Amino acid sequence: MSLLRSIAGGLRSLFRKEQVSQELGEELNDFFELAAEEKMKEGMSRKDALRAVRLERGSLEVSKEIVRSAGWEFFVETLWQDLRFAVRMLRKSPGFTTVAILTLALGIGANAAIFSMVNALVLRPLPVHAPNEVASLASQPHGLGSSNGFSYPDFEDIRDQATTVFRDMTGMQPSHMDGFSMNGQSQPIWTSYVTTNFFQVMDLQPALGTFFGPSDGGIDGSEPVLVLSYSFWKNHMGGDPNIVGRSASINGCPVTIIGVAPEGFRGIYSILDTQGYLPVGMATATLDSPKDFLTNRSVENIEILGRLKPGMNVGQAQPVLAVVGRQLSEQYPEIHKWDWLQAFPGGPLNANPQDTAVIESMAAFFLLLVGLVLVLACMNAANLLLVRAAARQPEMAVRAAFGAGRGRLARQLLTESLLLAALGCVGGIVVGVAASRSVNSINFASAIPLVFDVTFDWRVLAYAVGAALLTGVLVGMTPAVRAARRDLNPLLHESSRTSTGDRQRARSVLVVAELSGSLMLLIIAGLFVRSLRSVERSDLGFDPDHVLNLTISPTDAGYDEAQASQFLKQVLQRARALPAVESASLAATIPMGHYNYGEELKIEGYETSPGQQRPLAGYNAVSREYFRTMRIPLIRGRDFFDSDDRTSQYVAVVNEEMARRYWPNQDPIGRHFTTGKDSTHPIQVIGVVKNSRTQHLTGSFRPYFYRPLTQSYVTPVTLQLRTALPAATAFHQAVDLIHSLAPAMPVFDVQTMTQALNTLNGLLLYQVGAALTASLGTLGLLLGLVGVYGVVSYAAAQRTHEIGIRMALGAARSSVLKMILRQGLIVTAAGVLVGALLAGAIGHLARDLLAGVSPMDPLTYVCASGLLAAVSLLACYIPARRAMRVDPMVALRYE
């Protein structure tokens, strides 16, 4: 209560200043009268007593100031005075103020933009109630990496045995692209297959209709129902309020729409907008899933999420899960050999420590880079303030002569820097919002509904404000400390052009640091740009030019396998007859595409040693002429024939890496292997093709094989056309051809093969990385340029009198030019040397993010150093040339 009373009293003092001053004067007068009466008792006259009291206590006004300074309201009042004075001083120097604010705005804005991206990918919690209670499970099979895939029986066992720490658990299959048909129109939809308690565990309420009930989509696939996402309902259904109860189909399976998920819930994957939700029991009817996957413990395609009980945390769940994992491993030793079973906070992406570590390291690296930009902005602003402080020293000396203490002067300068930082924060938020909108507008060129929601939530705003406060303190600390430590009184007798060497050295050190940071950013940008160029020019193993891709899904049109096979055969025949089409083929997936198929293999004559990973290989189902269309060289053996169907010997073509790894020093032609899905049909190797990129543009090649589509039917499939003309010219002909055979056939994800390489699985991440680092490098170069120009220009201005004397005594203009340039050359050389050494350390941190280029790439270092040196010399030349043209008579009068 006493604190509240003092605050109330302070506020009253601030807003009733005149009345409070009058009351204080009356109280002090009463005090003086009492003190005078005491002296009058000692025999002094009233006049002498009052004079003695005033000599002892000081004048009335001095006493008032002493009393006021003892209260906190005095601090607030002087702070308000400092703020108003800072505003006036900044308005008097609009050029300085504009440059300083823009510099800080760029630094703070860049930090806010990068942090908003990190926030979207790493920090933002799941869009559910109490997200801190949600955890994802993962295991580590012995000898392998961690995995967040479980079988449905595993899910049931873990859910039933972990009830002491988890309120409930839900299971889901990762998102798939399915075909959604309604009112005779088809379109792709990305769905998740979830257990019927998914929305209850996530603690969500429907925007429309209801969620799944216990009997919906049961084990037998009964009651086929669908819940749409809010965004899909709005964007594709027009926000139809009568959507609940409508009939549709998923991959040809009839479903009833029973509800719409709440607005803002896009699923549990940070950048994927899950557009629909189906009961997990429907996967057998709508997906190419094993019919017994709900009872088969070997089929591990379920991700498990659990909601912890109130008061529980992930750490408390680990001992319980360890016991459960050990029990399941002992109960099913042939299937489970788990080293551990653990819970991780958040969604399924967090349950894969390897992927999480990569994302976190990338986030930390880019935060480090953008933090360096902020440091450069701070040093630039500090340099400007040092120059300004040097010019204001006579003013500070006058204020000190009138009684201002050193702390008071330092606080005034610090207030100005904090005001600059606050204005820079406002500008930085504007810059950050604009940059974030540009990131949000990135076209991922993908049928996958990717959502990179880079928004300014409270975390980003707090980060920006924190960066601004730190910036204000860092920028204003040096001039404030100098003002507090320096004896300013002698400056009253010095010339205004006096400039001590220590101040000039301090500014030069700051510029060297700026140039070092700028060079580091330029080198990192160069490494990322060269990495992008290296990937773009790498040997893909196929030729992407003049290839058009069109994805079609016969299942969505209601075709069964026999009907689809006949339709695809007709499409190929007609497509090969199109003008300018050199070849046509079908494929279940394309390089860097959305689908990645893989199988565990049992290879004839190949035995794995204990603890060794079982043979694995990726695969694709393709038609005849696929290798011709993609121009993948056939090294040995033959291509597929039309006669390679389910009635003949099952065959495959393998890549070089698969032949080398599983049949070393042997002829793979004629060898046999079986897959984990189908162990009853041995597959014979009939050919070997060159290694080609399928899932990743970098790294070593992996074992891969191709099967004829007629023996391994997959839907949807992609029609690929190699054309003599630019691929895009065949678009309308190809679509018209398909619709002439099947008017209701959905055709989507139409793009050239070159465009397909610019997607998330291809070049997009390299392009984004190169663009971000190039932007930061350009910003760093600009800040370094401003810093060099500022220090050389100020040094030249301070030496105007000296230059005038030199030129009056006969010095050539070229010698003046060399004198001014010499300082810039020394500063630039020091900055380049220090920056090159430090860039090696930062480049080493980026080695895992680069492809085809070394972190110590000499060409990048030489080019970046040369660019920085050239720009710095240009910045030095401008003030040097201006100094060279000084009129000696004017310079001699310069004061």
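The values are calculated or read from the model by the stated rules, or taken from the named source; none is laboratory data. On a predicted model such as this, the values are computed, not experimentally measured, just so you know. Virtual Cβ from ideal backbone geometry, glycine too; neighbours counted across all protein chains shown. For accessibility, only protein heavy atoms count, side chains too; no ligands or nucleic acids. Shrake-Rupley method; radii C 1.70, N 1.55, O 1.52, S 1.80 Å.
For every residue, the table says whether it meets (1) surrounded by fewer than 20 Cβ atoms within 10 Å (Cβ to Cβ); (2) modelled with pLDDT of 90 or more; (3) within 36 Å of the chain's Cα centre (by Cα).
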site: Pro591; (1), (2), (3): no, yes, yes
site: Pro610; (1), (2), (3): yes, no, no
site: Ser623; (1), (2), (3): no, yes, no
site: Met630; (1), (2), (3): no, yes, yes
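Of the conditions (1) open to solvent by 20 Å² or more (accessible area, probe 1.4 Å); (2) at pLDDT 70 or above, Leu369 clears all except one; give me its number.
(1)
Would you check if there is a residue in segment 259-279 being surrounded by fewer than 15 Cβ atoms within 10 Å (Cβ to Cβ), assigned by TED's automatic domain parsing to the domain that holds Asp157 and in contact (Cβ under 8 Å) with a residue 12 or more places away in the chain?
Here is the first cut: in segment 259-279, the ones surrounded by fewer than 15 Cβ atoms within 10 Å (Cβ to Cβ) are 263-264.
Imposing the further condition that a residue be assigned by TED's automatic domain parsing to the domain that holds Asp157 reduces the set to 263-264.
Keeping just the survivors that are in contact (Cβ under 8 Å) with a residue 12 or more places away in the chain gives 263-264.
Yes, that holds for at least one residue.
Residues Ser417, Ser446: which one is of a type in the set (S, T, N, Q), modelled with pLDDT under 80 and under 33 Å from the mean Cα position of the chain (by Cα)?
Details: Ser417 fails: modelled with pLDDT under 80.
The match here is Ser446.
Does segment 152-162 contain any residue that is modelled with pLDDT under 85 and of a type in the set (A, V, I, L, M, F, W, C)?
Filtering segment 152-162 down to residues modelled with pLDDT under 85 leaves none.
For segment 152-162, residues modelled with pLDDT under 85 and of a type in the set (A, V, I, L, M, F, W, C): absent.
Condition first: open to solvent by 10 Å² or more (accessible area, probe 1.4 Å) and either modelled with pLDDT of 80 or more or outside the structural domain of Leu208 (by TED's automatic domain parsing) (or both). Now tell me which residues in segment 281-297 satisfy that.
Leu294, Thr295, Asn296, Arg297
Take the residues in segment 620-660 that are touching a Gly at 6+ places or on another chain (Cβ under 7 Å) and in a strand (DSSP E or B), then tell me which one is nearest to Pro141 (Cα to Cα). Give the derivation first.
The initial filter retains those residues of segment 620-660 that are touching a Gly at 6+ places or on another chain (Cβ under 7 Å), namely 632, 634, 636-639, 653.
When the remaining residues are screened for being in a strand (DSSP E or B), the result is 634, 636-637, 653.
Details: Leu634: 37, Arg636: 37, Gly637: 38, Val653: 31 Å.
Per the stated criteria, the residue is Val653.
Say we look at segment 702-724 and pick out the residues that are under 39 Å from the mean Cα position of the chain (by Cα) and farther than 19 Å from Phe567 by Cα; which of these is surrounded by the fewest Cβ atoms within 10 Å (Cβ to Cβ)?
Arg702
Could you pull out the residue among Tyr894, Tyr877 that is under 23 Å from Val511 (Cα atoms) and either at pLDDT below 80 or part of a helix (DSSP H, G or I) (or both)?
Numbers: Tyr894 fails: under 23 Å from Val511 (Cα atoms).
Checking each option against the conditions leaves just Tyr877.
What number goes with the only condition from (1) assigned to a strand (DSSP E or B); (2) crowded, with 22+ Cβ neighbours inside 10 Å that Thr694 does not pass?
The number of the failed condition is (1).
Give Val431, Val473 a once-over and let me know the one that is at pLDDT 85 or above, within 20 Å of Asn111 (Cβ to Cβ) and in a helix (DSSP H, G or I). Even if it seems obvious, please write down each step before you answer.
Working: Val473 fails: at pLDDT 85 or above.
Val431 is the lone residue from the list that is at pLDDT 85 or above, within 20 Å of Asn111 (Cβ to Cβ) and in a helix (DSSP H, G or I).
Name the pairs whose Cβ atoms lie under 6 Å apart, with the first residue in segment 554-582 and more than 18 Å from Ala744 (Cα to Cα) and at pLDDT 90 or above, the second open to solvent by 60 Å² or more (accessible area, probe 1.4 Å) and polar (S, T, N, Q), and 6 or more positions between them or separate chains?
Hits for this filter: Leu578/Gln733.
Return a yes/no flag: does segment 744-759 have any residue that is within 19 Å of the chain's Cα centre (by Cα) and either at pLDDT below 90 or crowded, with 21+ Cβ neighbours inside 10 Å (or both).
Taking segment 744-759 as the starting set, the residues that turn out to be within 19 Å of the chain's Cα centre (by Cα) are 758-759.
Right, trim to either at pLDDT below 90 or crowded, with 21+ Cβ neighbours inside 10 Å (or both) and you get 758-759.
Yes: one or more hits.
Which of the following residues is among the small types (Gly, Ala, Ser), in a strand (DSSP E or B) and surrounded by fewer than 20 Cβ atoms within 10 Å (Cβ to Cβ): Gly598, Gly605? Walk me through it before giving the result.
Numbers: Gly605 fails: in a strand (DSSP E or B).
Unique residue meeting the criteria: Gly598.
Any chance you could count how many residues in segment 91-102 are in contact with a helix residue (DSSP H, G or I) (Cβ under 8 Å, 6 or more places away or on another chain), open to solvent by 10 Å² or more (accessible area, probe 1.4 Å) and in a helix (DSSP H, G or I)?
6
Can you find even one residue in segment 160-181 that is open to solvent by 40 Å² or more (accessible area, probe 1.4 Å) and over 21 Å from Ala317 (Cα atoms)? Before you say what the answer is, go through the steps one by one.
Here is the first cut: in segment 160-181, the residues open to solvent by 40 Å² or more (accessible area, probe 1.4 Å) are 160-161, 163-164, 167-168, 174, 176.
So of that shortlist, the ones also over 21 Å from Ala317 (Cα atoms) come out as 174, 176.
Yes: one or more hits.
Of everything in segment 668-680 that's free of Cβ contacts under 8 Å to residues at least 40 places away in the same chain and surrounded by 14 or more Cβ atoms within 10 Å (Cβ to Cβ), which residue is farthest from the chain's Cα centre (by Cα)? Lay out the reasoning, then the answer.
Filtering segment 668-680 down to residues free of Cβ contacts under 8 Å to residues at least 40 places away in the same chain leaves 668-670, 678, 680.
Applying the additional criterion that residues be surrounded by 14 or more Cβ atoms within 10 Å (Cβ to Cβ) yields 668-669.
Details: Pro668: 45, Ile669: 47 Å.
Checked segment 668-680; the qualifying residue farthest from the chain's Cα centre (by Cα) is Ile669.
When you scan segment 583-596, how many residues do you find that are among the aliphatic types (A, V, I, L, M) and over 18 Å from Val747 (Cβ atoms)?
First pass over segment 583-596, keeping only residues among the aliphatic types (A, V, I, L, M): 584, 586-588, 590, 592.
Adding the requirement that they be over 18 Å from Val747 (Cβ atoms) leaves 592.
Of the residues in segment 583-596, 1 are among the aliphatic types (A, V, I, L, M) and over 18 Å from Val747 (Cβ atoms).
For (1) touching a residue at least 12 places away in the same chain (Cβ under 8 Å); (2) touching a Pro at 6+ places or on another chain (Cβ under 9 Å); (3) not in a helix (DSSP H, G or I), each residue gets a yes or a no:
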site	(1), (2), (3)
Met172	yes, yes, yes
Thr191	yes, no, yes
Thr196	yes, yes, yes
Phe232	yes, yes, no
Gly238	no, no, yes
Ile243	yes, no, yes
